[in-house]
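Asker: My questions all concern the structure below.
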Amino acid sequence: MSRGFRRSALIGAGLATVLAAGTAVVACQSSGGSAAPKLSVADPYIPLPATPGGMGAGYLTVRNDGGADQLVKVTSPGAGSVTMHRSTEQTMEEVGALEVPAHGSLNLARNGNHLMIMDWSKQPALGDELELDLEFAKAGTVVVKVPVKPLTYRPGS
Ligand SMILES: [Cu+2]
């Protein structure tokens, strides 16, 4: 009899733990709208432009461990024009902002959203680093040093 009681008490304890964990997740989501974003940038790179001094692309991942934010502007001391582009099926279009979801990431990658870089102040070469100043609506400006990689480079390779 005492054994049976003991087992059900343990099951009860386990259930209480699960409920507590569930409550924590709900609390986190409900504050997501106003929570401060916590951003970090991973794997930034610029493939060497196919044409010397020509138009270049910029790729990177913005990770966010906090509330939602938006990338609203990108500038560089080393280039006269940096624009944000969204790729569609056949074409691409310039956009004024890119969403950084809460507890998610914004991925700028080949065949997807990307940065377009023009008007280089110095022709980019392999091994160069270009400073990009990423301006976010809430988090402010994040400065990233972006290496110039071979045209066929992929992160992790
Ligand atoms: Cu583009």
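The values are calculated or read from the model by the stated rules, or taken from the named source; none is laboratory data. As the structure is a prediction and not an experimental result, all values here were calculated from the model. Positions of Cβ are generated from backbone atoms using ideal geometry, with glycine treated the same way; all protein chains shown enter the neighbour counts.
Asker: Could you give every pair whose Cβ atoms fall below 7 Å, whose first residue belongs to segment 52-70 and is in the same structural domain as E131 (by TED's automatic domain parsing), and whose second residue is surrounded by 15 or more Cβ atoms within 10 Å (Cβ to Cβ) and among the aromatic types (F, W, Y), counting only separations of at least 6 or pairs across chains?
Answerer: Cβ pairs passing all conditions: G53/W120; Y59/Y45; D69/F136; Q70/F136.
Asker: Additional query: Does T61 meet the test of being within 16 Å of the ligand (Cβ to nearest atom), in a strand (DSSP E or B) and under 19 Å from the mean Cα position of the chain (by Cα)? Even if it seems obvious, please write down each step before you answer.
Answerer: Values: within 16 Å of the ligand (Cβ to nearest atom): no; in a strand (DSSP E or B): yes; under 19 Å from the mean Cα position of the chain (by Cα): yes.
No.
Asker: Consider segment 30-71. How many of its residues are modelled with pLDDT under 95 and surrounded by fewer than 18 Cβ atoms within 10 Å (Cβ to Cβ)?
Answerer: Count: 12.
Asker: Are any residues in segment 84-94 surrounded by 13 or more Cβ atoms within 10 Å (Cβ to Cβ) and either more than 22 Å from A42 (Cα to Cα) or within 14 Å of the chain's Cα centre (by Cα) (or both), and if so, which ones?
Answerer: Those that are surrounded by 13 or more Cβ atoms within 10 Å (Cβ to Cβ) and either more than 22 Å from A42 (Cα to Cα) or within 14 Å of the chain's Cα centre (by Cα) (or both): M84, M92.
Yes/no per residue for (1) at pLDDT 95 or above; (2) away from the ligand (no atom under 13 Å from the Cβ); (3) of a type outside the set (K, R):
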residue: S76; (1), (2), (3): yes, yes, yes
residue: S81; (1), (2), (3): yes, no, yes
residue: T88; (1), (2), (3): no, no, yes
residue: T91; (1), (2), (3): no, no, yes
residue: E99; (1), (2), (3): yes, yes, yes
residue: A102; (1), (2), (3): yes, yes, yes
residue: L106; (1), (2), (3): yes, yes, yes
residue: N113; (1), (2), (3): yes, no, yes
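Asker: If you take the residues in segment 72-83 that are crowded, with 17+ Cβ neighbours inside 10 Å and without any contact (Cβ under 8 Å) to a residue 60 or more places away in the chain, which one is farthest from L130 (Cα to Cα)?
Answerer: Kept after step one, since they are crowded, with 17+ Cβ neighbours inside 10 Å, are these residues of segment 72-83: 74, 76, 78-79, 82.
Next, from what is left, pick out any that are without any contact (Cβ under 8 Å) to a residue 60 or more places away in the chain: 76, 78-79, 82.
Working: S76: 8, G78: 6, A79: 9, V82: 12 Å.
In this case the residue turns out to be V82.
Asker: Of the residues that sit in segment 30-58 and are outside any loop (DSSP other than H, G, I, E, B) and away from the ligand (no atom under 14 Å from the Cβ), which one is farthest from E129 (Cα to Cα)?
Answerer: S30
Asker: Follow-up. Please state which of the following conditions P147 fails to meet, knowing it meets all the rest: (1) more than 15 Å from the ligand (Cβ to nearest atom); (2) out of contact with any strand residue (DSSP E or B) (no Cβ under 8 Å at 6 or more places or on another chain).
Answerer: For P147, the exception is condition (2).
Asker: For segment 116-123, state whether one or more residues are in contact with a Pro (Cβ under 7 Å, 6 or more places away or on another chain), farther than 29 Å from A36 by Cα and not in a strand (DSSP E or B).
Answerer: yes
Asker: In this structure, does E99 turn out to be closer than 21 Å to R63 by Cα and assigned by TED's automatic domain parsing to the domain that holds N64?
Answerer: Yes.
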